[in-house]
Every structure is written in C-alpha cells, then in structure tokens.
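Just below is one structure, and these are the notes that go with it.
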Amino acid sequence: MTLNQDKYSNDLKLKFESYAPVSATSWQLIENIIDITAIKKGEILLRNGQIAKEIHFVAKGALRAFISDAEGNSYNKNIFLEGDFAGSTVSLIQQTPSEFSIEVLEDSVLININYKKYRELIFQNDDLKNFYIAYLERNWVIEKEQREISIVMENATERYLDLLKKHPDISERIALHHIASHLGITPTQLSRIRKSLEKDL
C-alpha cells in the first residue's frame, strides 16, 4: 500500500483544528511525534492487559474495541472509522493495563501519536492544551452523555438509524454481528430491524 503521508497528516491537522486553532509551530512539534503505518485486517492493535503507549488516528479503515468474557464471547465497546481517535484513554492516562482489546476490521492506515511526548507538548503549548480540553469536553462529556441517554431512551431501531446517519456505508464495510454488538443487540434483532426498514422504503 502506498501511503499518501502528506494527505493523512493534513487530515489529522484538520481534525485538531476542528476543535481549536493550532499554530504552525505547534503542528510541527506534533508531526515530530507521529508515525503513519498501514495495518492489515485482523491484526490486534492493543491487547487486553497491555499498557497503551499511543493514540491512533484512523486515517483510513476501521477498528473495533472489544471486551471478552471468561467463555470467550466478545462484546464491542466501540467502532472507530475514518477521522476517529482510537485507544484506551484510561490505560494511557493511568499507565495501567487496558481492559479491552482493539482489532483492525479492514485494511487501515493509522497515524500513531506517542502519548508520553504528546502529554509533554500539551503542558508546554497553550494551543495544544486548548485542543485537548475541547476534545475531552466534546467526546467524554457531551457525546458520552448523549450516548448514555440514547441507550436508555431510544429503541434499537433509532440507535441503528443514528449510526447510519454518521456512517451511511457502515453495513457494507463491517460485519453485521460487530454492528449488532456495538448497538447492544443480537445479530438476529439487527437483521429484523434491517428487513423492517427495507419494507418501509
């Protein structure tokens, strides 16, 4: 796979600037601590019990964060597509073992950010600190609360439609059992929902 590094780096810059302005000087510092890699479908990026060292920006492709029980059943905690940051935030911040694994669902291009160096830059540069605060507020307060409310207040069909609004092609890219697990329903329930929606079209 030929990596268009300039394009992917620019995608990451646009992502940062969607939260807060970043100076050219600060951006150069970020570029010094990133690594752009191609990774194959099926690879495990982070294993349960491993201490996370990097934040991963999905430049192209799809990942899933999943938890496995003692019987070997897996439950999707999250699905990450282009433009998402993936990683175990708790493991990164506390430097404790991750309680979930991250698997690559399709051939992907990731921008890996060294978390230790990234933290140092945040404390040294106000614009990067502003980005970090805005990112945490949007993703760990606003969107987290909205997701918690939707799980309680919305039925599975509404949650599936919300997912399709954000990612219209998700069902063509990701196995339905992964989508069902992400929505907290069984594959059979998702199949019924899809059939019902097709009839309504």
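The values are calculated or read from the model by the stated rules, or taken from the named source; none is laboratory data. As the structure is a prediction and not an experimental result, all values here were calculated from the model. Counting neighbours? That spans all protein chains shown, and the Cβs are built from the backbone with ideal geometry, glycine included. These accessible areas exclude ligands, DNA and RNA; they are computed on the full protein's heavy atoms, side chains included. Shrake-Rupley method; radii C 1.70, N 1.55, O 1.52, S 1.80 Å.
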Accessible area, probe 1.4 Å, largest first, for residues H167, H56
H167, H56
Probe 1.4 Å, all chains present, heavy atoms only: R147 accessible area in Å², nearest 10, is 100
Size of the range 13-107 as Cα extents on the principal axes (Å, biggest first)
50, 29, 21
Quick one: which residues, 5 or more positions from L46 or on another chain, have an amide H under 5 Å from its amide H? H modelled 1.01 Å from N in the peptide plane, none for Pro or chain starts.
I102
Take every Cα-Cα pair in the chain and report what % of them are more than 30 Å apart.
25
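What does the convex hull of the alpha-carbon atoms of the range 62-159 project to on average, in nm²? Please list the in-between numbers first.
On the way: hull surface 33.2 nm².
Mean projected area of the Cα convex hull: 8.3 nm².
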Would you mind computing, in nm to one decimal, how far apart the modelled labels at E71 and K199 are, each placed 7 Å from Cα along Cα→Cβ?
3.1
If the reach is capped at under 20 angstrom between alpha carbons, list the aspartates and glutamates near K13, excluding any in the same chain fewer than eight residues apart.
E31, D35, E54, E82, D84, E120, D126, D127, E137
For the pairs K144/K166; K60/K129; K165/K195; K7/K165; K40/K117, flag any whose C-alpha to C-alpha distance is greater than 20 Å.
K60/K129; K7/K165; K40/K117
Whichever aspartates and glutamates have a C-alpha closer than 20 Å to that of K199, once near sequence neighbours (fewer than 8 apart) are set aside:
E158, D162, D169, E172
Given points 7 Å out from each Cα along the Cα-Cβ axis, report the I33 to F85 separation in nanometres with one decimal.
1.1
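Hey, what's the range 13-164 come to in accessible area per residue, 1.4 Å probe, Å²?
Working: 8170 Å² over 152 residues.
With all protein chains present, the range 13-164 gives 54 Å² per residue.
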What does the charge count near A20 come to, summing +1 for each Lys or Arg and -1 for each Asp or Glu among other residues with Cβ under 14 Å from its Cβ?
0
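Could you pull out the GluC sites (Glu not before Pro) across the range 52-108 that fall in loop regions by DSSP (anything but H, G, I, E, B) with no more than 13 other Cβ atoms inside 10 Å? Mind dumping the intermediate values first?
Details: sites: E54, E71, E82, E99, E103, E106; in loops: E71, E82, E99.
Those that pass, being in a loop and sparsely packed, are E71, E99.
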What percentage of the solvent-accessible surface of the chain, computed with a 1.4 Å probe over protein heavy atoms, is contributed by carbon and sulfur atoms?
51
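Put L105, L164 in order of accessible area, largest first, 1.4 Å probe: what do you get?
Values: L105 20, L164 45 Å².
Ranked from most to least accessible, the order is L164, L105.
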Percentage relative contact order, the range 31-132, counting C-alpha pairs under 8 Å, at least six apart:
42
So what is the relative contact order for the chain, in percent, with contacts set as C-alpha pairs under 8 Å and at least six apart?
24
Note the direction-averaged projected area, equal to a quarter of the hull surface, for the Cα convex hull of the range 103-192, in nm².
7.7
Determine how large the accessible area of V141 is when every protein chain is in place; take a 1.4 Å probe and give Å² rounded to the nearest 10.
90
Amide H contacts of G61 (H built 1.01 Å from N, under 5 Å, at least 5 apart or other chain):
E82, V109
